Amino acid sequence: MDDIVRQAMAKWPHVPDCYGWLGLDARGQWYMRDDRAQALGAFASGVAGARGSVLRHDKLIEFIQRNYESDAQGRWYFQNGPQRVYVELEVAPWVWRVAADFSVRSHSDRPAQVQACWLDELGRVFLSTDLGLGLVHTLDVDTVAQAVEQGLWQPQEVVFADLPARFGYVLSPAAEQRNTSAP
């Protein structure tokens with residue numbers, strides 16, 4: 001986490017959390033979700049426009065990625081100064097890029113050590129690592145196939161709906177927050 005972020009948290013400790021405004025898709029792209037996008041539906045709903053606008057500003061993306069973490073409940077967030085901005089996940093908290101030498105880096109360029117390989121009912125490949133669970137980027141599935149052929153990774157079948165509970169992450173903190181604050 002950036003020092004300036006820690007300083008802001010200390011200076012303003014009671015800033016309310018933010019829900020629904022930031023999303024991470026299955027290709028590791030960040031989305032800003034304004035009121036209009038949120039009104040169209042959930043981030044992962046598939047409804048046109050519900051994802052919001054893809055972020056293109058490199059410095060903003062780098063800032064988000066340096067300050068991207070999870071809380072004790074498995075909700076992923078971006079610490080934006082004193083405010084915690086919870087992230088809507090399309091599939092998983094990480095999107096893995098796999099290099100030709102089978103090394104793995106996250107969408108935020110963090111290195112990771114593979115612990116297990118998973119294949120869901122839609123044919124998507126997931127890797128559990130020392131950083132947590134993530135989806136393999138679609139461009140790198142062939143490289144994973146090579147690792148499997150060489151016996152480096154042994155894919156295990158898994159049902160996608162079971163992954164969040166099994167690996168301790170929340171796909172939609174906004175939906176969870178709405179459910180806990182409803183009368």
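The values are calculated or read from the model by the stated rules, or taken from the named source; none is laboratory data. Small disclaimer: the values here were computed from a predicted structure and weren't measured. Heads up, the Cβs are rebuilt from the backbone with ideal geometry, glycines too, and the neighbour counts pull from every protein chain shown.
Things worth noting here:
- Check on L127, within 30 Å of E149 (Cβ to Cβ) and of a type outside the set (F, W, Y): yes
- Residues of the range 156-182 classified as at pLDDT 95 or above, assigned to a loop (DSSP other than H, G, I, E, B) and farther than 16 Å from G123 by Cβ, total: 5
- Sole residue being closer than 20 Å to A44 by Cα, in contact with a Lys or Arg (Cβ under 9 Å, 6 or more places away or on another chain) and either of a type outside the set (K, R) or surrounded by 17 or more Cβ atoms within 10 Å (Cβ to Cβ) (or both), chosen from L122, L163, L171, L133: L133
- The set of residues in the range 129-155 that are among the hydroxyl-bearing types (S, T, Y) and in a strand (DSSP E or B) contains only T129.
- Pairs are defined by a Cβ separation below 7 Å, a sequence spacing of at least 6 or placement on different chains, a first member in the range 68-80 that is closer than 14 Å to P164 by Cα and of a type in the set (S, T, N, Q), and a second member that is in a strand (DSSP E or B) and at pLDDT 95 or above; the pairs so defined are S70/W76.
Conditions tested, residue by residue: (1) closer than 18 Å to Y68 by Cα; (2) touching a residue at least 60 places away in the same chain (Cβ under 8 Å).
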| position | (1), (2) |
| --- | --- |
| W96 | yes, no |
| A99 | no, no |
| F102 | no, no |
| Q115 | no, no |
| D120 | no, no |
| G123 | no, no |
| L127 | no, no |
| G132 | yes, yes |
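- Residues in the range 110-144 that are of a type in the set (D, E) and in contact with an Asp or Glu (Cβ under 9 Å, 6 or more places away or on another chain): D120, E121.
- Any chance E62 is of a type in the set (D, E), in contact with a helix residue (DSSP H, G or I) (Cβ under 6 Å, 6 or more places away or on another chain) and either closer than 14 Å to L22 by Cβ or not assigned by TED's automatic domain parsing to the domain that holds V148 (or both): no
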